[in-house]
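Colleague: Next up is a structure, given as structure tokens.
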Amino acid sequence: MRKLFLIALKDVKLAFRDKAALILMLLAPFLLTLGLGVVTGRFSGNSSNGISHIPVVLVNQDGAQLGNALVELFQSKDLNELVDPTVFADTAAAFKQVDDNQAVAAVIIRPGFTASVISSQGQTSLGAVVQIELYSNPTTPTSVGVVKTLLDQFISQVEVGRIGGEVAVTQLLASGRIQLQQAQAVGLAMGVNQANTSSQSTSVTLNNVTPSGETVKFDVLALLAPGMALMFLMFTVSYGGRTLLTERNLGTLPRLLVSPTTTVQVLGGKMIGIFLTGLAQMLILILGTTFLFQLQWGDPLAVLVLVLAAVFGAVGWGMLLTAIAKTPGQVSTIGSALMLIFGILGGTFINLDNMPAWFRYMSKITPNAWGLDGFATLALGGGLQDILTPILALLVMGLLLFFIAVFLFNRRGLMEK
Amino acid sequence: MPSILEVINLVKKYGDFTAVDGISFDIREGEIFSLLGPNGAGKTTTISMLSTLFVPTSGEATIGGHSVTKETMTVRDMIGVVPQELALYDDLTARENLVFWGQMYGLSGKALKTRVDEVLEQIGLTDRAKNRVKTFSGGMKRRVNIGVGLLHKPRLLFMDEPTVGIDPQSRRAILDSVKALNQQGMTVLYTTHYMEEAEELSDRVGIIDHGKMIAIGTQAELNRQVGETDTLILHIDENQSGEALVYAVRQIRSVLKAHVIDHAVVIITPEAEEIMVLVITKANELGVKIRSVDIQESNLEAVFLSLTGRALRD
């Protein structure tokens, strides 16, 4: 075990002494994040997060004032860049749209929603409120998060209106300024007005309400920074894998293999070395963007666990690449291509939620996509329990690829020509 | 002296190509044994099998009575390897390299530090210990390369052509250090294609060619294989062929062998001085311009030439 870590620490030391590697591992993702932040207006306060035209299906079974107000909110000019709403009459058809990946979510406004908030007796209701249902596609957590945020804002406004309206109507009645017959109309007007203000207050900046009720501001860099970090993590793991073949060519690998060191120790040490280098890279980038850009990555413990899982998944790819390639040059070439392909496929440059279903399924082979899912969830206020799926997927990916790599190494041998 | 290394009919094949073809030899405790042969003869492949890096296709070898194929970890503890190519981390300092490799051989703590200091002193690099290896000259790198092989005080040290590509001064230093190590009791298996090195260092020499061990013994024993012969070397003009002269020289009764090697006609004969005038006359008759003439007493080069018809540097 000691040799395993000695080999790993030696590799980390060598990686951080390689100036060219350092530029690609740390400087490049940092500068690209900075550049994209400038382009998207993150640093001028005029941010656009790249998420747009989210396909949403609305089923308005309520048909009354508040139900209509919610539909109008989604159809409002302010949101026409962000969401692409379609109104359906049939719930089953709406669900099918989501199941078929034609929409990221279906918002079902159940019958009696307005009535449950504002009673027909002219008073706001204190009874149970009929809930709005959100049926969502689990493969598009970021876009679903946006839709959920809009709903939360609307419901929050309605709740404010309901309680405020009740107080106001009661006071108006008590003071004799309105008659009992006028109470229903006044209450309704106040409720609808309050609900409608939610569309005016909605900005492109996303807010998500956590289960504890805390409002978390969603930062565009919370997508860009992990995207870049994950893309260049692929460089780091391919660089690490390349060192195994470089060591074979330079003679240090054969020298290791004639010392009292087993093949498992050498391979395991290499893998831990790549893992630690990738981990150090991710942590430096996270700390750097946190302190320099005031970026909120989310729950620190959950971020750490996700980083560990993402690096593990990426290391699996690095080991597989090394097992397949025959020369360090091949690892560099394939590694660079893989870094870019995974960057695109994994959602570093595009919003996966806007891509066809087959593209989104393909993206799941990349650690980038799972990692980005997790980081977006955490940036939207999610916790460790919300990113269990990406973590599990990344761990399974890493293990599977590692075993394939070991199988290939065993078949080919580390040194035999 | 008991044998520390015994090699029995060792074979290594890569597909249809046989790199090592059934060699057998032994090395006695405390001696320097040289494997002498041209490039591609199978020296490095032999060391790779003996040091447990490559698995032999067939045959067996034991070091200190332990099989190199079945007891690899025990064998690795007993041996040190100085590979032909520099096997160091350029971005680590000399000390960091020695510490890392020492750790790979199980050294740690104070014992590791003491041993690293000793080796740095031994290879004359104490004052450069904190410099990265990439800043070193070729000779200095070679010394670190050797130092790594000595860290754990191996019983048997494999040195695979350690003087290739370095300046004469560094070469001299390496040869002296090999002798010093041997005097301290270390057994050395030294491979080279330089006859002079084998002659200077070795207690015994094995001559290897095309994967086969073609001769083995002390220098005196090997010389006896070709008899009391000298080597007459006629260096000819670079743009001339010596083949006609070789044909003519072979007609002389006392000439045992004659070959053209690198713009020189090389003749093995017990009467070098006696036939020299005759050979020069024949060269003049054939229009072959002779630039210089050497006579060498019997040596390993002549042995190799006699056995293979080729020069060691071919």
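The values are calculated or read from the model by the stated rules, or taken from the named source; none is laboratory data. All figures in this text were calculated on a predicted structure; none of them were measured in a lab. Neighbour counts are summed over all protein chains in view; Cβ atoms, including those assigned to glycine, are modelled from backbone coordinates with ideal geometry.
Colleague: So in the range B:41-63, with the set limited to residues that are more than 14 Å from chain A (Cβ to nearest Cβ) and either surrounded by fewer than 20 Cβ atoms within 10 Å (Cβ to Cβ) or acidic (D, E) (or both), which one is nearest to A:V258 (Cα to Cα)?
Modeller: This residue is B:E60.
Colleague: Given (1) in contact (Cβ under 8 Å) with a residue 40 or more places away in the chain; (2) more than 10 Å from every other protein chain (Cβ to nearest Cβ); (3) under 21 Å from A:P254 (Cα atoms); (4) surrounded by 22 or more Cβ atoms within 10 Å (Cβ to Cβ), where does B:K13 come up short, assuming only one miss?
Modeller: Here B:K13 meets the rest and fails (4).
Colleague: Quick one: how many residues across the range A:250-264 are in a helix (DSSP H, G or I) and either facing chain B (nearest Cβ under 9 Å) or of a type in the set (D, E) (or both)?
Modeller: Residues meeting the conditions: 7.
Colleague: Run A:A94 past the list (1) modelled with pLDDT under 80; (2) surrounded by 18 or more Cβ atoms within 10 Å (Cβ to Cβ) and report the number of the one that doesn't hold.
Modeller: Among (1) modelled with pLDDT under 80; (2) surrounded by 18 or more Cβ atoms within 10 Å (Cβ to Cβ), the lone unmet condition for A:A94 is (1).
Colleague: Quick test of your reading of the structure: A:W358 fulfils all but one of (1) among the aromatic types (F, W, Y); (2) closer than 30 Å to A:P300 by Cα; (3) surrounded by fewer than 18 Cβ atoms within 10 Å (Cβ to Cβ). Name the failing condition by number.
Modeller: (2)
Colleague: Give the residues of the range A:76-105 that are within 20 Å of A:F154 (Cα to Cα), part of a helix (DSSP H, G or I) and touching a residue at least 12 places away in the same chain (Cβ under 8 Å), sorted by residue number.
Modeller: Within the range A:76-105, A:D78, A:L79 qualify.
Colleague: Kindly provide the set of residues from the range B:64-82 that are more than 10 Å from chain A (Cβ to nearest Cβ), within 16 Å of A:T261 (Cα to Cα) and either buried (at least 17 other Cβ atoms within 10 Å of the Cβ) or of a type in the set (G, A, S) (or both), ordered by number.
Modeller: B:V68, B:E71
Colleague: Kindly check whether there is at least one residue in the range A:379-389 that is assigned to a loop (DSSP other than H, G, I, E, B), small (G, A, S), within 15 Å of the chain's Cα centre (by Cα) and surrounded by fewer than 21 Cβ atoms within 10 Å (Cβ to Cβ).
Modeller: yes
Colleague: Okay, next question. Here's a check for you: in the range A:226-249, which residue that is out of contact with any Gly (no Cβ under 6 Å at 6 or more places or on another chain), hydrophobic (A, V, I, L, M, F, W, C) and more than 14 Å from chain B (Cβ to nearest Cβ) is surrounded by the most Cβ atoms within 10 Å (Cβ to Cβ)?
Modeller: Out of the qualifying residues, it is A:A229.
Colleague: Determine whether A:I365 is outside any helix (DSSP H, G or I) and at pLDDT 85 or above.
Modeller: yes
Colleague: Could you pull out the residue among B:V144, B:V119 that is away from chain A (no Cβ under 14 Å) and hydrophobic (A, V, I, L, M, F, W, C)?
Modeller: Answer to the check: B:V119.
Colleague: Considering every residue within the range A:364-375, establish whether at least one is among the aromatic types (F, W, Y) and over 30 Å from A:R412 (Cβ atoms).
Modeller: Yes, the range A:364-375 contains a residue that is among the aromatic types (F, W, Y) and over 30 Å from A:R412 (Cβ atoms).
Colleague: Looking at the structure I just gave you, is B:I275 in contact with a Ser or Thr (Cβ under 7 Å, 6 or more places away or on another chain) and surrounded by 15 or more Cβ atoms within 10 Å (Cβ to Cβ)?
Modeller: yes
Colleague: Looking at (1) in contact (Cβ under 8 Å) with a residue 40 or more places away in the chain; (2) surrounded by fewer than 24 Cβ atoms within 10 Å (Cβ to Cβ); (3) within 11 Å of another protein chain (Cβ to nearest Cβ), can you tell me which one B:I32 breaks?
Modeller: Answer for B:I32: the failing condition is (3).
Colleague: So, B:L92, is that one buried (at least 18 other Cβ atoms within 10 Å of the Cβ) and at the interface with another protein chain (Cβ under 8 Å from one of its Cβ atoms) or not?
Modeller: Considered against the rule, which asks whether it is buried (at least 18 other Cβ atoms within 10 Å of the Cβ) and at the interface with another protein chain (Cβ under 8 Å from one of its Cβ atoms), B:L92 comes out as yes.
Colleague: How many residues, within the range B:245-272, are over 22 Å from B:R224 (Cα atoms) and small (G, A, S)?
Modeller: Total satisfying the criteria: 2.
Colleague: Given the options B:V164, B:V178, name the one that is more than 9 Å from chain A (Cβ to nearest Cβ), surrounded by fewer than 16 Cβ atoms within 10 Å (Cβ to Cβ) and under 27 Å from B:G42 (Cβ atoms).
Modeller: B:V164 is the lone residue from the list that is more than 9 Å from chain A (Cβ to nearest Cβ), surrounded by fewer than 16 Cβ atoms within 10 Å (Cβ to Cβ) and under 27 Å from B:G42 (Cβ atoms).
Colleague: Follow-up. Only residues that are closer than 18 Å to A:S259 by Cβ, within 11 Å of chain B (Cβ to nearest Cβ) and either free of Cβ contacts under 8 Å to residues at least 40 places away in the same chain or of a type in the set (V, I, T) (or both): list them for the range A:1-21, please.
Modeller: A:R2, A:I7
Colleague: Would you be able to tell me the number of residues in the range A:270-305 that are within 14 Å of chain B (Cβ to nearest Cβ) and surrounded by fewer than 22 Cβ atoms within 10 Å (Cβ to Cβ)?
Modeller: 0
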